[in-house]
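Participant: Got a structure for you, written out below as structure tokens; questions coming shortly.
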Amino acid sequence: MDNERASNHHLSGIIVIFGGTGDLTKRKLLPALYNLVCEGLVPENFAVVAVGRQEKTREQYLDEALAAVSRYSRNQIQAPCWEAFKKIIYYIQLDFLAADEYNKLQAALVQIDDKHTTGGNRVFYLAVAPEFFEPIVHSLHTYKLVGGERGWQRLVIEKPFGRDLPSAARLNQQLSQVFCEENIYRIDHYLGKEMIQNIMVLRFCNPVFESLWNNKYIDNVQILLSEKAGIGSRGGYYESAGAMRDMVQNHVLQTLSLIAMEPPVALTPDAIRNEKLKVIQAIEAFTPERIKQDVVFGQYGAGIQSGQAVKAYRDEEKVDPQSNTETFVAMKLYIQNFRWSGTPFYIRTGKRLGSNEGKIVIQFKTSPPVLYFSNTLAQQPNVLVIKIQPQVGVYFQFCTKKFGSSEEIVSATMDTSNDCYTNGNTPEAYERLIIDILRGDTTLFSRWDEVEAAWGFVDQIIARKQQVPGDFPNYQAGTMGPAQAEELLARDERKWWD
Ligand code: BG6
């Protein structure tokens, strides 16, 4: 942390958050910024300008920010930190679509620049609904908030980045007329999570794992991102997204690419992203036959969760009572390259499941059935589990002789994980990402060609799904998804590691 503090010292800039009164800002961005202030990680010359459509004074905004930070921050409110935080927060009312209002924004930013000596460096953070991405960027350009002589300007864009390949390509084309690729930060908050960042260290700093990290020694890989929550008030968005677009296109494929990539030639953003991209490009294309066989879609029906009755997806707010949107996906895929050919990767993600968990399971092949064969425990595979959340750490399972017995074999485990003090979509991920944006480090952000390849992969599956409506709902809230998801592995004589 001390190194980090010292190296952040020379950075400077203003973060302009469009959607400054929105949900993401309140739940994630303000708490993350507050924590960075508390930990002395923000640069000395730094300010945050929240831009929103509602009329309110700076004092009113700060009151709301205080409520949000008190509720969502991992650090409690402490007077000195809050005082320091207040000094760098501003609020500007602006109608995103009223182009001429951008002059007002520019004038305010120039004043704040002078006051905080931020040198014209700006991060434009679009925490708004996707329909505003293009008009905002267009106005930033027209009213000369981008370009010019002073400082750098960077664009941060939240998901969804398009809703299929053509719309993502169109959006990217619009953005690239104003920002070059190095200045576009496409957020995938999973990349900011502790254990996702740890994957490369675990693999490339531990020859004991990396030397076995291939189809010769690994039987299969499982990625689970399960949520107990339903879609809450996000029915409007989720109806046109579904689990494929909401989770698979981004978080799941990013996780998969880190697990399966080759070692990069250097720890530079492009060297790493080149290798991640190759993984997505190497995923074997699905024929319609294989989609039918190896992809399971689900949608939750009513059920009981944590002792409470919960409603079916089709009864949620802003959801079509006949909806065909999937809230669950399980699939088996293959990466067709030298390292992975023949090793199945099973992925599973969904809402209203029986667990709230993010983990990657690497199941190794068992020893040849020659020695200790009669002992079924000896046939237990070695399993390495990378626990993303709520527990964070690594778990390893291996065989050992039972103490005192001459031949009895038992399964032993090593577990480095601790209960994480905050669950789920933690502000920690955003803290890391915000600092990287200020530093100009794009490693933890998706490059356009990765996004493009990911859309190419999910589009083929979504297209097929649209032709064959699901027999929904097909799983009860509070369970681990439809029975077909169990059959997917049972067919291969495997099981999910739950
Ligand atoms: C978001 C999805 O990107 O990730 C949400 O839009 C999902 O639907 C969330 O709930 C999961 O993130 P986390 O960090 O809670 O696992």
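The values are calculated or read from the model by the stated rules, or taken from the named source; none is laboratory data. Everything numeric in this text was worked out from a predicted model, so none of it was measured. Glycine gets a Cβ as well: all are built from the backbone with ideal geometry, and neighbour counts include every protein chain shown. When the accessible area is computed, the model is the full protein with side chains, heavy atoms only, and any ligands, DNA or RNA have been set aside. Shrake-Rupley method; radii C 1.70, N 1.55, O 1.52, S 1.80 Å.
Participant: Based on the Cβ-Cβ distance from Asp441 to Asn103, what FRET efficiency comes out when R0 is 22 Å, to the nearest 0.05?
Facilitator: With R0 = 22 Å, the Cβ-Cβ based efficiency is 0.10.
Participant: Hey, another quick one. Too long at a 25 Å Cα-Cα cut-off: which of Lys216/Lys278; Lys228/Lys292; Lys311/Lys359; Lys365/Lys401; Lys228/Lys278; Lys159/Lys351?
Facilitator: Lys228/Lys292; Lys311/Lys359; Lys228/Lys278
Participant: For helix 102-116, report the angle its Cα long axis makes with the longest principal axis of the Cα atoms of the chain; keep it between 0 and 90° and round to the nearest 10°.
Facilitator: 90 degrees
Participant: Please give me, ordered by residue number, the trypsin sites (Lys or Arg not before Pro) of the range 307-352 that lie in loop per DSSP and have at most 13 other Cβ atoms within 10 Å.
Facilitator: Lys318
Participant: Farthest toward the dipole's positive end in the range 20-148, which of Tyr61, Leu105, Val137, given Cβ charges of +1 (Lys, Arg) and -1 (Asp, Glu) about the Cα centre?
Facilitator: Tyr61
Participant: With a 1.4 Å probe and all protein chains left in place, how much of the accessible area of the chain comes from carbon and sulfur atoms, in whole percent?
Facilitator: 52 percent
Participant: Let me ask another. Once you place label points 7 Å from the Cα toward the Cβ at Glu210 and Gln467, how far apart are they in nm?
Facilitator: Using points 7 Å along Cα→Cβ, the separation is 4.3 nm.
Participant: Throw me the Rg/Rh for the chain, computed over C-alpha atoms with Kirkwood Rh, two decimals.
Facilitator: 0.99
Participant: Here is a further query. Residue-wise, which Karplus ³J(HN,Hα) couplings in Hz belong to the range 118-127, taking 6.51 cos²θ - 1.76 cosθ + 1.60, θ = phi - 60°, and x for glycine or proline?
Facilitator: Running phi through 6.51 cos²θ - 1.76 cosθ + 1.60 with θ = phi - 60° gives 9, x, x, 7, 9, 10, 9, 9, 8, 9 Hz.
Participant: The range 295-349: which GluC sites (Glu not before Pro) are DSSP loop and have at most 12 other beta-carbon atoms within 10 angstrom?
Facilitator: Taking the range 295-349 and a limit of 12 other Cβ atoms within 10 Å, the loop GluC sites (Glu not before Pro) found are Glu317.
Participant: Here is a further query. Work out from phi, with θ = phi - 60° and the Karplus expression 6.51 cos²θ - 1.76 cosθ + 1.60, the ³J(HN,Hα) of each residue of the range 331-336, listed in order in whole Hz, and give x for Gly and Pro.
Facilitator: So the Karplus estimates, Gly and Pro as x, are 8, 10, 9, 10, 9, 8 Hz.
Participant: On to the next question. Give me the angle, in degrees from 0 to 90, between the Cα long axis of helix 58-72 and the longest principal axis of the Cα atoms of the chain, rounded to the nearest 10.
Facilitator: 10 degrees
Participant: Using +1 on the beta carbon of Lys and Arg, -1 on that of Asp and Glu, and nothing else charged, what's the dipole of the chain about the Cα centre, debye to 20?
Facilitator: Approximately 340 debye in magnitude.
Participant: What residue among Gly404, Thr442, Val265 has its Cα farthest toward the positive end of the dipole of the chain, where the charges are +1 on Lys, Arg and -1 on Asp, Glu, each on the Cβ?
Facilitator: Of the listed residues, the answer is Gly404.
Participant: Can you send over the solvent-accessible area of Glu83, 1.4 Å probe, protein chains only, in Å² to the nearest 10?
Facilitator: 90 Å²
Participant: Rolling a 1.4 angstrom probe over the protein heavy atoms, how many square angstrom per residue are accessible across the range 58-151?
Facilitator: 51 Å²
Participant: Here is a further query. Taking the chain as the reference, fit the longest principal axis to its C-alpha atoms, fit the long axis of helix 427-439 to the helix C-alpha atoms, and give the angle between the two in degrees, 0 to 90, nearest 10.
Facilitator: For helix 427-439, the angle is close to 60 degrees.
Participant: Going by amide H atoms built from the backbone, whose H comes under 5 Å of the H on Lys365, apart from near neighbours?
Facilitator: Residues meeting the criterion, in which the H sits 1.01 Å from N, are Ile218, Asp219.
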